[in-house]
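First comes the structure, then the notes that go with it.
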Amino acid sequence: MKRLMLVAALAASSSACVANQGDASIRFLQAGALATEDGRCSVATGGAQVPQGLLDISGGQSYLLGLVVETNSTQRDITINGDLLSGPGLNDITLNEVVLSYEASPRVPGLPEEEIFPIYGVFRPATSSGSYAVLYALGPKALTALAAAVGEGQQVTVFSTIKARGQFSSGMATESNEITFPINIINSGFDPSTLGCPAGLTFTPAQAVGPCGQLGQDVGNICRPPPPTTTP
């Protein structure tokens, strides 16, 4: 199984959708459940598809998204008089930037239309759906706008549209399809600088940390009511 980790230097019920899937030479497919394997963050083998995300914005972290990837390019070998002159690698795809664009419901003041980040990743021809990319679905400008707009107890749904750009080994430009992933943004009032919570709420790390160590991702509120006390 081929695996690739890409991290960019960096939403009523909704589910992720994939656009122009058949037209691109490299395609992002469904979002997969993340897990830490051998000390690294990856899409869990045989894991469930993730239709939407949840992020407590008070934790100050972005949303880490694992996307299954495949390519439809083919390996090209150059032979002269039956002798192999050049083998695998002629049709590799190198991705060098990720483009994020956003919409929100309700509207979020200051949410940027687009953010672009450099990345580096090489996908070989005929890469199967066992490959994946792990990247952030929200950039720093989007996080700043969301932190300012979503108050304690409020919720906003952000639709993050993701695509990547790059080139073939020949130098010809190419880009992936687009995937739109909804992330529900909440705010429980957590203060990362003091690890404090609003009065009456508590912070329990074991309950607040999501996949791959992401604080507040897919776990609900970071700050929660304390567990009920029991009398002996």
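The values are calculated or read from the model by the stated rules, or taken from the named source; none is laboratory data. Since we're looking at a predicted model, the values are computed, not measured. When we count neighbours, we look across all protein chains shown, and the Cβ atoms used for this are built from the backbone with ideal geometry, even at glycine. Quick note on the areas: whole protein, heavy atoms, side chains included, nothing else; ligands and nucleic acids left out. Shrake-Rupley method; radii C 1.70, N 1.55, O 1.52, S 1.80 Å.
For the pair residue 35 and residue 23 in one chain, pulling the backbone fully straight at 0.36 nm per residue adds 1.3 nm over the alpha carbon distance.
Cα convex hull, the stretch 84-232: 163 Å³ per residue, rounded to a whole number. Taking amide hydrogens as placed 1.01 Å from N in the peptide plane, the amide H of residue 30 sits under 5 Å from those of 68, each at least 5 positions away in sequence or on another chain. Per residue, how much accessible surface does the stretch 102-195 expose to a 1.4 Å probe? Answer in Å², no decimals. Per residue, the stretch 102-195 has an accessible area of 46 Å².
Within the accessible area of the stretch 159-232, the carbon and sulfur atoms contribute 57%, probe 1.4 Å, all protein chains present. Using 0.36 nm per residue and subtracting the Cα-Cα separation, the extra length available between residue 48 and residue 116 on full extension is 21.6 nm. Close amide H partners of residue 189, meaning residues 5 or more places away or on another chain with modelled amide H under 5 Å apart, are 58. As a calculated quantity, the FRET efficiency between residue 96 and residue 155 at R0 = 30 Å, using C-beta atoms, amounts to about 0.30.
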